[in-house]
1. Rounded to the nearest percent, how much of the accessible area of the chain (1.4 Å probe, protein heavy atoms only) is carbon and sulfur?
2. Which residues make up the longest stretch of the chain that has no trypsin sites (Lys or Arg not before Pro) in a DSSP loop with at most 10 other Cβ atoms within 10 Å?
3. May I ask you to derive the FRET efficiency for SER79 and ASP170 from their Cβ-Cβ distance with R0 = 41 Å, giving the value to the nearest 0.05?
4. In square angstrom, what is the accessible area per residue of the chain with a 1.4 angstrom probe?
5. Please tell me the relative contact order of the chain in percent, rounded to the nearest whole number, where contacts are Cα pairs under 8 Å and at least six residues apart.
6. Once you charge only the Cβ atoms, +1 for Lys and Arg and -1 for Asp and Glu, what is the size of the charge dipole of the chain about its Cα centre, to the nearest 20 debye?
7. In nm, what is the difference between 0.36 nm times the number of residues separating LYS15 and ILE87 and their Cα-Cα distance?
8. Taking a threshold of 30 Å on the Cα-Cα distance, which of the pairs LYS15/LYS190; LYS15/LYS146; LYS15/LYS152; LYS52/LYS86; LYS15/LYS97; LYS123/LYS203 fall above it?
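The values are calculated or read from the model by the stated rules, or taken from the named source; none is laboratory data. Note that this is a predicted model, so its numbers are computed, not measured. Please note: Cβ atoms are built from the backbone with ideal geometry, for glycine as well, and neighbour counts cover all protein chains shown. In case anyone asks, the SASA skips ligands and DNA or RNA and just uses the protein heavy atoms, side chains included. Shrake-Rupley method; radii C 1.70, N 1.55, O 1.52, S 1.80 Å.
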Amino acid sequence: LNGTFIVAGVADEEKGSAYGTEYLMEENLIDCDYAIIPDIGGNMKMVDVAEKGVLDLNIITHGISAHGSTPEKGENAISKMAEVIKILENYEFTFEKHRFLSPPTMNIGVIEGGMASNMVPDKCSIEVNVRYLPSQTSEGIIADIKSIINEKINGVEVETGYDLKPTAVDPENILVEKIVEKTEFVTGEKPELIGLGGATVCKTFIQKGIPAVGWSPGPDDVA
């Protein structure tokens, strides 16, 4: 591939790249036709060509505060949240299988609620992380989850946090073909095309119309 080779060491990748890749591209400090993100390790044996979407949801239940000696006078927001969690644990995604990506997932990562053991809590919240496929939309997932919860439990709020769309490149793109060809020539081993449940800066480039893949030397656990 002929042209200029640009190397950028970027900040803020774990929090959306507003002060890293996004900033550099907005300031026209990065202007390219293709991008390689050396973020996946794997000793050059893998090329990341697809990534799931990342959706964070904040779910809040409300109750009525009361003293612990008379809990019947209140409504326990934590108990209500326990019902919400059961619904989420039994939730089944609607999706089409993807060539490179595993099925969508959901993780309940944070829970907060209550002030003291002798008080009926009037509020409880959880943070939920969803990894979804190109055949799905965040809007569709949110609407479905809201509908299922509201069928059984009243007064539950579902707020959208982080939302990164699924991205992918054509596996027959010239960038992918050249990486596979040259890696096999140098190492004697043909790298595998893979998809990730995680998100890399590939998304930033792909969303701006620039084909980008993850590929790098080095093991998985070394920067």
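1. 50
2. 100-223
3. Result of the calculation: an efficiency of 0.25.
4. About 59 Å² of surface per residue is accessible.
5. Dividing the mean separation by the residue count of the chain yields 37 percent.
6. For the chain, the charge dipole is close to 420 debye.
7. That works out to 23.0 nm of additional length.
8. LYS15/LYS190; LYS15/LYS152; LYS123/LYS203
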